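Report on the structure given below.
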2 protein chains.
Amino acid sequence: MSFFKWDEGPTDELTPQVKRKVVHLENVMLVYTEREAGVEMPIHQHPHEQIGLVLQGKAEVILGDEKRVIGPGEGYLIPPNMKHGGLVGEEPIVLLAVFSPIRDDFLTEE
Amino acid sequence: MSFFKWDEGPTDELTPQVKRKVVHLENVMLVYTEREAGVEMPIHQHPHEQIGLVLQGKAEVILGDEKRVIGPGEGYLIPPNMKHGGLVGEEPIVLLAVFSPIRDDFLTEE
């Protein structure tokens, strides 16, 4: 796959409130996520580097001991093993996440 | 920098028609680019993996021997050293590019 369309790609419906689409190469992965209002992302950590970017909506994001409400055009940089989590605001959120290495646990078919 | 806002970050104005903003960790980089209508991205290649995603506007994108016009919600996956290029359509384009390893040549200050 060289070209992709989010609308045509497979969607992982993790819960009724959380949908995820994934594309990747060998070392880098781009993840598109829709989360309904009020969904919580519990604090967690992983060895993968992560960059997040909000496209629509707002969320309260916790990175280490910092907490901030961010919206469209705002994002965050998560070095390996930094604890992070969040809480979606009063409207659904659309956000992108970039990972390197890729999240093998996000692969559902190949 | 853990949180970022595209609006507040530095912008590299590569030409009057091309603006770029960059954030990165050690192994992964996210690039936000605005290109005016009709701007050409000449065919080139690099050893970095690249994922592109159009947020606004359209472009004709060439990947290897494939050519396609893509718009918002569409993107492409470029393995190392695949030749690629493009031509922005009749309105400005906003696109994201993800690289791993990071593009040292995109770093202007640190």
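What follows is calculated from the coordinates using simple rules that are stated; it is not laboratory data. Please read all numbers here as calculations on a predicted model, not as lab measurements. Neighbour counts are summed over all protein chains in view; Cβ atoms, including those assigned to glycine, are modelled from backbone coordinates with ideal geometry.
Please average, across the residues of B:25-37, the number of beta carbons from any other chain that are within 10 Å of each residue's own beta carbon, and give a whole number.
Other-chain Cβ atoms within 10 Å of each residue's Cβ, averaged: 4.
Got the relative contact order for chain A handy, in percent, Cα pairs under 8 Å and 6 or more residues apart?
Worked out over chain A, it gives 32 percent.
Given A:Lys58/B:Lys67; A:Lys83/B:Lys5; A:Lys83/B:Lys67; A:Lys83/B:Lys83; A:Lys5/B:Lys21, which pairs have Cα atoms separated by over 31 Å?
Flagged as over cut-off: A:Lys58/B:Lys67; A:Lys83/B:Lys67; A:Lys83/B:Lys83.
What Kirkwood Rh does the protein assembly as shown have if only Cα atoms enter the pairwise 1/r average? Answer in Å.
So the Kirkwood estimate lands at 17.8 Å.
Per residue of B:67-76, what is the mean number of Cβ atoms on other protein chains within 10 angstrom of that residue's Cβ?
That average works out to 4.
For segment B:54-70, take each phi angle, set θ = phi - 60°, evaluate the Karplus expression 6.51 cos²θ - 1.76 cosθ + 1.60, and give the result in whole Hz per residue in order, putting x for glycine and proline.
Result, rounded to whole Hz: 7, 9, 9, x, 9, 8, 8, 10, 10, 10, x, 9, 10, 9, 8, 8, 10.
How large is the direction-averaged shadow of the alpha-carbon convex hull of chain B, in nm²?
Average of the hull's projected areas for chain B equals 6.8 nm².
Taking beta carbons within 10 Å but only from partner chains, what does the mean come to for residues B:3-15?
So the per-residue partner count for this stretch is 3.
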